[in-house]
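Structure, as structure tokens:
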């Protein structure tokens, strides 16, 4: 399938921004970041025509790119500041990292699939996003070398947030993650690490691929 032309992309992005506002995502910084990142660059050729559709789409290695409104919701929940350093667990297509990179100082993104990291790196280079660091590794272990992080986002679902990730989050930092069974509906949670402990709130029902420990051997 050929690349999406500029006018078609403009129309699709305008419709996406309207949907985001309709569900209460009105932070202009978040909307501008999503507007600035061409989502169609981050999907497979055969689904490019559906790049802005309101659903998750399949990508390589059996993974998915989250629905646009879910990306907007998770991004807004992080309450990003320009100086923030963000850890992303689950690079996937690279789209979420690219949006984050428009809003913060640096994104550190990890994925267990070497193929996905390599493809995402190429996309970041094409879009001249030079404030993203990538790692092929076990996201459940975080990235201790660069901790503590101001914000952490997990783009795969587990029964609970690995404790080590809370340990790599600074005091008053925010972590956003889907929590629940690998098959079925999960809850999108927002956690704030305070001096007294972890404050938790629920944002929405979502559906994500499972969070898996370790590094993929072949992909």
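Read-outs throughout are calculated quantities, based only on the coordinates presented, and are distinct from any laboratory measurement. Here the structure is a predicted model, which means the values were calculated and not measured. Cβ coordinates were reconstructed from backbone atoms using ideal geometry, including for glycine residues, and neighbour counts include every protein chain displayed.
For this structure, a couple of remarks:
- At full extension, residue 205 and residue 23 could sit 64.2 nm farther apart than now, given 0.36 nm per residue minus the alpha carbon distance.
- Label zone at residue 122, where the point sits 7 Å out along the Cα-to-Cβ direction: the stretch 18-43 residues whose backbone N lies under 15 Å: 41-43
- Estimated FRET transfer efficiency (residue 163, residue 217; beta-carbon r; R0 30 Å; 0.05): 0.70
- Packing here is the average count of other Cβ atoms within 10 Å per residue, and on that basis the peptides 137-143, 125-131, 45-51, highest first, run 137-143, 45-51, 125-131.
- Working ranking of peptides 156-169, 14-27 by packing, defined as the average number of other Cβ atoms within 10 Å per residue, highest first, is 156-169, 14-27.
- Per-residue extension of 0.36 nm, minus the Cα-Cα distance of residue 183 and residue 145, leaves a gain of 10.4 nm for this segment.
- Least to most buried among 122, 133 (fewest other Cβ within 10 Å first): 122, 133
- Panel order for 89, 71, 192, by other beta carbons found within 10 Å of each beta carbon, from fewest to most: 192, 71, 89.
- Two-decimal log10 I(q)/I(0) for the chain, as the Debye equation yields it once each C-alpha is a single scatterer, q = 0.12, 0.14, 0.16 Å⁻¹: -0.58, -0.81, -1.09
- Counting 0.36 nm for each residue step from residue 53 to residue 135 and taking away their Cα separation leaves a gain of 26.6 nm.
- For the stretch 40-114 versus the stretch 135-191, the gap between their alpha-carbon centres in whole angstrom: 15 Å
- Ranked list, fewest to most other Cβ atoms within 10 Å of each Cβ, for 105, 201, 93: 201, 105, 93
- Once the C-beta distance of residue 45 and residue 196 is scaled by a Förster radius of 45 Å, the resulting FRET efficiency is 0.35 to the nearest 0.05.
- In this rough spin-label picture, where each label sits 7 Å from Cα along the Cβ direction, the residue 60-residue 114 distance is 1.2 nm.
- Based on DSSP H segments of at least four residues, each scored -39500 (n - 2.57), the chain has a per-residue ellipticity at 222 nm of -8000 deg cm²/dmol.
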